[in-house]
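Shown next, in structure tokens, is the structure this report addresses.
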Amino acid sequence: MWGAKVKWPADMPDDILKFAIDKSTEALTECEDWEANGEAVVAAVKKAFDEKWGPHWHVVIGKNFGSFVTHETKRFLYFYIGDKAVMVFKAG
């Protein structure tokens, strides 16, 4: 879906889902060295979400991580772009 492997069920409306995939893909594509610039990629995606959809979004991007989060209704998404897992949710 839009170039990402989305883990279903996605608890997010399609417009926000597409925005998440587009912004994450854009940020990851621009990043030449993940080890050195990974935090900047995450910060860029979070900033884009906070500006467009209001504050208190959380973004996690990496290869190996587990999670248990509490999030607002219809505000959680987990997907893969290449070898990177991306988790985006809103809490607060």
Original post:
If you take the residues in the range 55-73 that are free of Cβ contacts under 8 Å to residues at least 40 places away in the same chain and in contact with a Lys or Arg (Cβ under 8 Å, 6 or more places away or on another chain), which one is farthest from residue 12 (Cα to Cα)?
Top reply: 63
**OP:** Output the number of residues of the range 4-30 satisfying the condition of being open to solvent by less than 70 Å² (accessible area, probe 1.4 Å) and either under 11 Å from the mean Cα position of the chain (by Cα) or under 14 Å from residue 83 (Cα atoms) (or both).
**Re:** 13
Subject >> Selection from the range 31-49 of residues that are of a type in the set (A, V, I, L, M) and open to solvent by 60 Å² or more (accessible area, probe 1.4 Å) >> reply: 36, 40
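The values are calculated or read from the model by the stated rules, or taken from the named source; none is laboratory data. Remember, predicted model here, so these are calculated numbers, not experimental data. All Cβ positions, even for glycine, are placed from backbone atoms using ideal geometry, and neighbour counts span all protein chains on display. Accessible surface areas use protein heavy atoms only, side chains included; no ligands, DNA or RNA. Shrake-Rupley method; radii C 1.70, N 1.55, O 1.52, S 1.80 Å.
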